[in-house]
Amino acid sequence: GATFRGLLINRKKNGEVYYEEKTITPIRDNNGDITAYVSTGKDLTERIEKEINLDVLASTDQLTGIYNRHKFDEILNKEIERAQRYNNNLSLIMFDIDHFKKINDTFGHDIGDIVLKEMVTIVKNNIRNTDVFARWGGEEFLILCPETEISQALILAEKVRSKIDSSRFDEVGKISASFGVAAYRNENNKGTFIKRVDDALYTAKDGGRNRVEESC
């Protein structure tokens, strides 16, 4: 019997979906019984879509379309909290493209951007729906693997490394990437967790590149 106010996702007669701010008010007779309802609505589609687009822009890397560093930080904090609370496994993969500066210097930054986008497509097609993929900066990327043991994360990293290594990229031909993998430890905070996987990545690079290394 109370007045309802809320935001609904509605559908027009032509099938088009729109957002509607709806108010439904009961009409009562002299005895207080509800005899009818009056419904009014306001189309908020333009405003809601702008808000959604702003949220996407705030959380997405504009070049590659995957999560940006800011959004990844937010997700990582939540997953670390969950791992601590429920004693869940949590693994992290960091990788970057080998000799990417040489690609930019030789072919130009526009071609370098194309390589990044092609590489991202390869990775997206070879990780799981539960994995969180983000651009950390430049040619450096992170894959967060919730509820995943280190052995599984190492297999995933090797799979992605192999797919990149066996692919041919427009304009530049073959490229490779180096990978570091770390499992979360209860004594880690976000900073030490990332530092451990970053150290593993540089071990891979120092060891000859195009390889996967596990954090100590």
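The values are calculated or read from the model by the stated rules, or taken from the named source; none is laboratory data. These numbers were taken from a predicted model, which means no experiment stands behind them. Every residue, glycine as well, gets a Cβ built from its backbone with ideal geometry; the counts of neighbours run over all protein chains shown. The accessibility values were calculated without ligands, DNA or RNA, using every heavy atom of the protein model including side chains. Shrake-Rupley method; radii C 1.70, N 1.55, O 1.52, S 1.80 Å.
The HN-Hα couplings worked out from phi for segment 186-191 by the Karplus form 6.51 cos²θ - 1.76 cosθ + 1.60 (θ = phi - 60°) are 4, 7, 7, 9, 4, x Hz, whole numbers, x standing for Gly and Pro. Amide H contacts under 5 Å for Ile66: Asp61, restricted to partners 5 or more places along the chain or on a different chain, H placed in the peptide plane at 1.01 Å from N. Taking Cα atoms only, the orientation of helix 109-124 departs from the longest principal axis of the chain by about 70 degrees. Once backbone amide H atoms are built at 1.01 Å from N, Ile175 has Phe169 as its partners under 5 Å, excluding neighbours fewer than 5 places away on the same chain. Note down the Stokes-Einstein diffusion coefficient of segment 18-58 in µm²/s, whole number, using a Kirkwood radius over alpha carbon pairs, 10 °C, and 1.306 mPa s. The Stokes-Einstein estimate is 126 µm²/s. Residues in segment 199-215 carry Karplus couplings, in order, of 4, 5, 4, 6, 5, 4, 5, 5, x, x, 6, 6, 8, 10, 10, 8, 5 Hz; the curve used is 6.51 cos²θ - 1.76 cosθ + 1.60 with θ = phi - 60°, and Gly or Pro positions show x. Counted over the chain, the DSSP beta bridges are approximately 90% antiparallel.
For segment 27-126, the solvent-accessible area with a 1.4 angstrom probe is 63 square angstrom per residue.
Percent relative contact order of segment 67-163, based on C-alpha pairs within less than 8 angstrom and at least six residues apart? Over segment 67-163, the number comes to 40 percent.
Cross-link pairs exceeding 19 Å between alpha carbons, from the set Lys102/Lys159; Lys71/Lys124; Lys117/Lys174; Lys101/Lys174; Lys117/Lys190: Lys102/Lys159; Lys117/Lys190. Counting only Cα atoms, the chain measures 86, 44, 23 Å along its principal axes, largest extent leading. Nonpolar atom fraction for the chain, defined as the carbon and sulfur part of the 1.4 Å probe accessible area, stands at 46 percent. Based on alpha-carbon atoms, the Kirkwood radius and the radius of gyration of segment 107-167 give Rg/Rh equal to 1.00.
A run of the chain free of exposed loop cleavage sites, with GluC sites (Glu not before Pro) counted only in DSSP states other than H, G, I, E and B and at most 14 other beta carbons within 10 Å, reaches its longest extent at 17-146.
Panel note: the C-alpha atoms of segment 60-185, placed on their principal axes, show extents of 49, 27, 21 Å (largest first).
Normalised by the number of residues in the chain, the mean separation of alpha-carbon contacts (under 8 Å, six or more apart) gives a relative contact order of 17 percent. Shape class for segment 97-141: prolate, because the ratio a/c of the largest to smallest gyration tensor axis (alpha-carbon atoms, square roots of eigenvalues) is 1.5 or more and a/b beats b/c.
Between segment 60-124 and segment 170-198, what is the separation of their alpha carbon centroids in Å? Comparing the Cα centres of segment 60-124 and segment 170-198, I get a distance of 10 Å. Rounded to whole numbers, the Karplus 3J(HN,Hα) couplings from phi for segment 149-157 are 6, 4, 4, 5, 5, 5, 5, 5, 4 Hz, using 6.51 cos²θ - 1.76 cosθ + 1.60 with θ = phi - 60°, and x at Gly and Pro. Taking 16 Å as the straight-line reach from the Cα of Lys22, the lysines in range (excluding those fewer than 8 positions away in the same chain) are Lys12, Lys42.
When peptides 28-34, 119-125 are sorted by average Cβ neighbour count within 10 Å, with the highest value leading, the order is 119-125, 28-34.
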